[in-house]
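First comes the structure, then the notes that go with it.
The values are calculated or read from the model by the stated rules, or taken from the named source; none is laboratory data. Just so it is clear, the structure is predicted and the values come from calculations on it, not from any experiment. Neighbour counts are summed over all protein chains in view; Cβ atoms, including those assigned to glycine, are modelled from backbone coordinates with ideal geometry. Just so you know, the surface numbers come from the protein's heavy atoms only, side chains and all, with ligands and any DNA or RNA stripped out. Shrake-Rupley method; radii C 1.70, N 1.55, O 1.52, S 1.80 Å.
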Amino acid sequence: DTGVSQDPRHKITKRGQNVTFRCDPISEHNRLYWYRQTLGQGPEFLTYFQNEAQLEKSRLLSDRFSAERPKGSFSTLEIQRTEQGDSAMYLCASITPGSYDGYTFGSGTRLTVV
Amino acid sequence: QKEVEQNSGPLSVPEGAIASLNCTYSDRGSQSFFWYRQYSGKSPELIMFIYSNGDKEDGRFTAQLNKASQYVSLLIRDSQPSDSATYLCAGGGTTDSWGKLQFGAGTQVVVTP
């Protein structure tokens, strides 16, 4: 297992379109986290799952954002009706509860809304 | 007020010198602290994490944690041009949200030959 995988690496979309990103965590990790990072800022927490259950969602997250992890393996993050302010790097990380060893991020998905 | 604060830099360091990066945090519930390195356009790479007061060393990197002062630092010894990057500090591991990290905005480090 080579780590957390994210797809696509880059996405350019027109304002108003819907986009979906995928994250494949490290197989034995049952916690999965989504973050968003804009230019000049640190990553900002969006939501996280333990297995298939979404346990927390940032109150800053618009209802245009939804995330799923249907079988407790990969996760998807969908943004509906994209806006220019959604342009950012979307990052995924996975860990085993109780251990911070290997709290690493995937390569990220760079979203540009034009 | 941001929960994790870092100087934005840039911090200019001569090659071979020690780079010293600082971070303060406001949430006393945070139990663990992380340092990540991020190259432009790339995702953050974990350097190390620390959860006990004192020092933790890993190769050329040393993290220091002082919970009473709510202060975390990272020392990079024998700085190399490849260390030029943005360094992100993060706190996590509160009772309510174990695993959810709060990041600072990062400190840009420039190592000059």
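With all protein chains kept in place, the per residue accessible area of the stretch A:1-91 amounts to 55 square angstrom at a probe of 1.4 angstrom. Excluding ligands, DNA and RNA, the accessible surface per residue across the stretch B:28-79 is 48 Å² with a 1.4 Å probe.
The label point for A:Thr96 and the one for B:Arg28, both projected 7 Å from the Cα toward the Cβ, are 3.4 nm apart. Within the stretch B:15-41, which residues have the backbone N less than 20 Å from the label spot 7 Å out from B:Asp58 along Cα→beta-carbon, could you tell me? Backbone N within reach: B:18-25, B:30-40. Taking only the Cα atoms of the stretch B:1-81, the radius of gyration and Dmax are 13.0, 37 Å. With all protein chains present, how much of the accessible area of the stretch B:14-113 (probe radius 1.4 Å) comes from carbon and sulfur, to the nearest whole percent? Taking all protein chains in place, the stretch B:14-113 shows 46 percent carbon and sulfur surface.
Summarising the label geometry, the points placed 7 Å from Cα in the beta-carbon direction at B:Val110 and A:Gln41 lie 2.5 nm from one another. Chains A and B together bury roughly 1800 Å² of accessible area, counting both sides, with a 1.4 Å probe on protein heavy atoms only.
P(r) tail for chain A: Cα pairs beyond 25 Å make up 16% of the total. Label sites at A:Ser62 and A:Arg15, each approximated as a point 7 angstrom past Cα along Cα to Cβ, lie 1.1 nm apart. Count Lys and Arg as plus one, Asp and Glu as minus one, and take only other residues whose Cβ is under 12 Å from that of B:Gln108; the net charge is then 0. Ordered from longest to shortest, the equivalent ellipsoid semi-axes for the protein assembly as shown are 29, 20, 16 Å, each the square root of 5 times a Cα gyration tensor eigenvalue. Which residues does the label zone of B:Asn66 cover in the stretch B:1-43, counting backbone N under 20 Å from a point 7 Å along Cα→Cβ? In the stretch B:1-43, the label zone of B:Asn66 (backbone N under 20 Å from the point 7 Å along Cα→Cβ) covers B:3-8, B:18-35.
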